[in-house]
Amino acid sequence: MRRIMKKRRIGGSDLEISPLVLGGNVFGWTADEATSFRILDAFVDAGGTMIDTADVYSAWVDGHEGGESGTVIGRWLKRDPAKRATVQIATKVGFLHGLAPDVVRRACEASLERLGVEAIDLYYQHKDDPAVPLADSLGTFDWLKREGKIRAVGLSQFSAERLDEAMSVTAAEGLERPCALQTWYNLVEREKLEGPLRDVAMKHGLGILPFYGLANGFLTGKYRSPQDLSKSVRGDRSADYLAGRGGRVLDALDDIAAETGAPLGTIALAWTIAQPGIVGVLASATSVEQLSQNLGALTLELSPEQIERLSEASA
């Protein structure tokens, strides 16, 4: 069954997105600028709305210092300024140098300059920084919102306890309320969200936006044996998936692919989008062909029985 998926609101914000978010971690890394532009164009042309990046992308590459992804996105927007009206830009701060107020302010200005935008639509604390009081880091995000530099606040990679504390601090201090939680979640790593973390996020009305939706490509069926791990520079990250539930999940995906005609990655993303609390799922692409498979999740409607079969295989 196929349909066009409606946009979803992110928590209590005014941001509405199509439920596939384009991950920008590959831009300027495994996707060069020309390829990145083609992927970005195809994403928007297909109805995609949110592009996600971070100031750390791609500092792990020799000769890079972070910000390369944002620079590519900024050049794309400069090439065709009309695109800005059709997309929301999400970016993150804090992975490299923590969340001290002066660090956050400088990083935000640098991101705005790289992206060439007047305001960041969704600005995340990239990961919890226990060294900085939550009132200070969240207070800085509140100031950025009042200054018009960001539209909404998100939290990424927080534990259930710290997420609950952060929401309590914003309420007690009268600060801008976070609207989104970004966290690790997919068919072979359900425990990273399900349970207390999801309960806290839903209690506070946060929109959940998982990353690693394709488990580093494992859920596309790319890696089915140890020999397959050499197919990609990121292949070694899938070694653990080959054991345990990984094989069962691939078998279930294969069966549903035979029933629907959809690629495995499309099915895996559609399952995630159908889970409680999920507003959208992040997925990157290094080619337009790969992006097309990801976008298929926006029009694939899995039956309740198919969703349950995948849930059982991945339990």
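For Thr170, indicate whether it is under 21 Å from Arg8 (Cα atoms) and either surrounded by fewer than 16 Cβ atoms within 10 Å (Cβ to Cβ) or among the polar types (S, T, N, Q) (or both). Considered against the rule, which asks whether it is under 21 Å from Arg8 (Cα atoms) and either surrounded by fewer than 16 Cβ atoms within 10 Å (Cβ to Cβ) or among the polar types (S, T, N, Q) (or both), Thr170 comes out as no.
Select, from Arg105, Arg84, Arg151, the only residue that is in contact (Cβ under 8 Å) with a residue 24 or more places away in the chain, over 22 Å from Lys7 (Cα atoms), of a type in the set (Lys, Arg) and open to solvent by 10 Å² or more (accessible area, probe 1.4 Å). Working first, answer last.
Numbers: Arg84 fails: over 22 Å from Lys7 (Cα atoms); Arg151 fails: over 22 Å from Lys7 (Cα atoms).
The conditions single out Arg105.
Arg146 fulfils the conditions (1) touching a Pro at 6+ places or on another chain (Cβ under 8 Å); (2) open to solvent by 60 Å² or more (accessible area, probe 1.4 Å) except for a single criterion, (1).
Within segment 240-259, residues that are free of Cβ contacts under 8 Å to residues at least 12 places away in the same chain have Cβ atoms under 6 Å from residues that are open to solvent by less than 30 Å² (accessible area, probe 1.4 Å) in these pairs: Ala257/Leu264, counting only partners at least 6 apart in sequence or on another chain.
For segment 264-298, residues that are among the small types (Gly, Ala, Ser), in contact (Cβ under 8 Å) with a residue 60 or more places away in the chain and either in contact with a Leu (Cβ under 7 Å, 6 or more places away or on another chain) or under 22 Å from Asp45 (Cβ atoms) (or both) total 8.
So which residues in segment 253-269 are open to solvent by 10 Å² or more (accessible area, probe 1.4 Å), of a type outside the set (Val, Ile, Thr) and in a helix (DSSP H, G or I), if there are any at all?
Let us first name the residues in segment 253-269 that are open to solvent by 10 Å² or more (accessible area, probe 1.4 Å), namely 254-255, 257-261, 263-264.
Imposing the further condition that a residue be of a type outside the set (Val, Ile, Thr) reduces the set to 254-255, 257-259, 261, 263-264.
Of everything in segment 253-269, those that are open to solvent by 10 Å² or more (accessible area, probe 1.4 Å), of a type outside the set (Val, Ile, Thr) and in a helix (DSSP H, G or I) turn out to be Asp254, Asp255, Ala257, Ala258, Glu259, Leu264.
The values are calculated or read from the model by the stated rules, or taken from the named source; none is laboratory data. On a predicted model such as this, the values are computed, not experimentally measured, just so you know. We place every Cβ from the backbone using ideal geometry, glycine too, and count neighbours over all the protein chains shown. Areas reflect the complete protein model, heavy atoms only, side chains present, ligands, DNA and RNA absent. Shrake-Rupley method; radii C 1.70, N 1.55, O 1.52, S 1.80 Å.
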